[in-house]
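One structure is given here, and the rest of the page talks about it.
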Amino acid sequence: MSGQYPYQSGTVLVLVGTKRGLFLLHSRDRETWSVEEAGLPGHSIYYAALDQRDGRRLFVADNGVFFGSFLRYSDDFGQSWHEPEQGIEFPESSGLKLSNIWVIEPGRLDEPGTVYAGVDPASLWVSTDGGVTWNLNAGLANHPTREQWQPGAGGLCLHTIIPDPSNASRMWIGISAVGCMRTDDAGHSWVFANKNTRAGFLPTTYPEFGQCIHRLVQHPSRPDVLYQQNHCGIYKTTNAGEDWIDIQQNLPSEFGFPIALDTHQPDTVFVVVEDPEGRNNVGKQFVIYRTENGGEEWQPLTKGLPEGPGVRLGVLRHAMCTDTNDPCGVYVGTNTGQLFASHDRGDSWQLIADFLPPIYSVTAAVLV
């Protein structure tokens, strides 16, 4: 990969995918921020990811109501965009049609050409040449239960991909409304990993599959530990998803979408929970919650966040993230176009962008 790099190493770059384009925010001190548009005005950017394993390649999931869904990439931070030579397209014999591209995930550090994408209808796509050509994972596409899978409110979307950095054969995915799945043989077969997670909207509360997982993250130093935000609660597993522990504890709602963690203090996890009817903050205060003990107790974080009778902020599944600095930065975007940031692990917050279009995703990178 090659391209022009306008930002210095050490810069924190926040990629903000919105209903009407991609925005880049950058800062050297995480207190003063600059905002730039990244060359896709009017496009619905569901997700953006920066791959720094071999240069700096920026990927976006571009989903249009009228013109279809496209995976695009840029080697110059959005000055120019390219499409794959062989993109994400189902074979005619499958009877499937691409609805949306939900997530793009760079692979492990020791496989610099490998990139993954998750789409609706729920399927996993793989590129081994930096996103130039893409192929369908047959193991998931031909899963024996596939005809029984049902969509969530946002569709039958594969929205989370976690390649295990400690095991090249293992990966987890999250599908709404199927649940968590894991492969232990490099994608040839997939098993459900939903034991003890609720599906309160189904006749059977604890089915093998059918849970509406909203987001999934992995502990950076204990690879068998994962956390998930679910339609019906917050959960933790200590055995790679063989079973899950409810860590709802003192949170005021079991409903929410995003979840993120501090890579330097990995028992520190951040969530936003919402009123399930309005899908916005519970009460008059917009709150981000933090646990510093792996979910035994949650603290409300409010310093610098808005409060009042007109505060009705929602946060979508990909619209919260952390950076890799210490102390970590936390970034939260709302579906009404506000972007909040903390440079001190959530102790205090500032509004770093306003009047953006509805925010679909927020990802952060410290440039190398």
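Any residue that is out of contact with any Leu (no Cβ under 7 Å at 6 or more places or on another chain), at pLDDT 95 or above, over 22 Å from G333 (Cα atoms) and in a loop (DSSP other than H, G, I, E, B) - is there at least one of those in the stretch 254-264?
Yes, because at least one residue in the stretch 254-264 is out of contact with any Leu (no Cβ under 7 Å at 6 or more places or on another chain), at pLDDT 95 or above, over 22 Å from G333 (Cα atoms) and in a loop (DSSP other than H, G, I, E, B).
Note down all Cβ pairs under 7 Å where the first residue falls in the stretch 154-167 and is under 19 Å from M320 (Cα atoms), the second is assigned to a loop (DSSP other than H, G, I, E, B), and they're at least six residues apart or on different chains.
C157/A122; L158/A122; H159/R317
Find all pairs meeting these conditions: Cβ atoms under 6 angstrom apart; at least six residues apart or on different chains; first residue within the stretch 16-44 and without any contact (Cβ under 8 Å) to a residue 24 or more places away in the chain; second residue open to solvent by 10 Å² or more (accessible area, probe 1.4 Å) and basic (K, R).
These pairs meet every condition: G42/R20.
Search the stretch 106-125 for residues being among the β-branched types (V, I, T) and either touching a Leu at 6+ places or on another chain (Cβ under 8 Å) or buried (at least 24 other Cβ atoms within 10 Å of the Cβ) (or both), and hand back the single one that is farthest from N167 (Cα to Cα). Break it down into steps so the answer makes sense when it comes.
Taking the stretch 106-125 first, the residues among the β-branched types (V, I, T) are 114-115, 119.
Filter once more, so that each one left must be either touching a Leu at 6+ places or on another chain (Cβ under 8 Å) or buried (at least 24 other Cβ atoms within 10 Å of the Cβ) (or both): 115, 119.
On the way: V115: 16, V119: 24 Å.
Taking the candidates together, the pick is V119.
Sort out for me the strands (runs of 3 or more DSSP E) sitting completely within the stretch 267-330 that have 3 or more residues that are crowded, with 19+ Cβ neighbours inside 10 Å. Before the answer, list the steps.
On the way: elements: 269-273, 288-291, 299-301, 320-322.
Correct list: 269-273, 288-291, 320-322.
Before we move on, is D246 modelled with pLDDT of 95 or more, acidic (D, E), open to solvent by 10 Å² or more (accessible area, probe 1.4 Å) and touching a strand residue (DSSP E or B) at 6+ places or on another chain (Cβ under 7 Å)?
Values: modelled with pLDDT of 95 or more: yes; acidic (D, E): yes; open to solvent by 10 Å² or more (accessible area, probe 1.4 Å): yes; touching a strand residue (DSSP E or B) at 6+ places or on another chain (Cβ under 7 Å): yes.
The answer is yes for D246.
Going through G154, G179, G139 one at a time, which residue ends up being over 26 Å from D75 (Cβ atoms), small (G, A, S) and at pLDDT below 95? Please lay out each step first, then the result.
Values: G179 fails: at pLDDT below 95; G139 fails: at pLDDT below 95.
None of the other options fit; the residue is G154.
The values are calculated or read from the model by the stated rules, or taken from the named source; none is laboratory data. This is a predicted model, so every value here is computed, not measured. Reconstructed Cβ throughout: ideal geometry from the backbone, glycine too, with neighbour counts over all protein chains shown. Heads up: the accessible areas ignore ligands, DNA and RNA and are worked out on the full protein's heavy atoms, side chains in. Shrake-Rupley method; radii C 1.70, N 1.55, O 1.52, S 1.80 Å.
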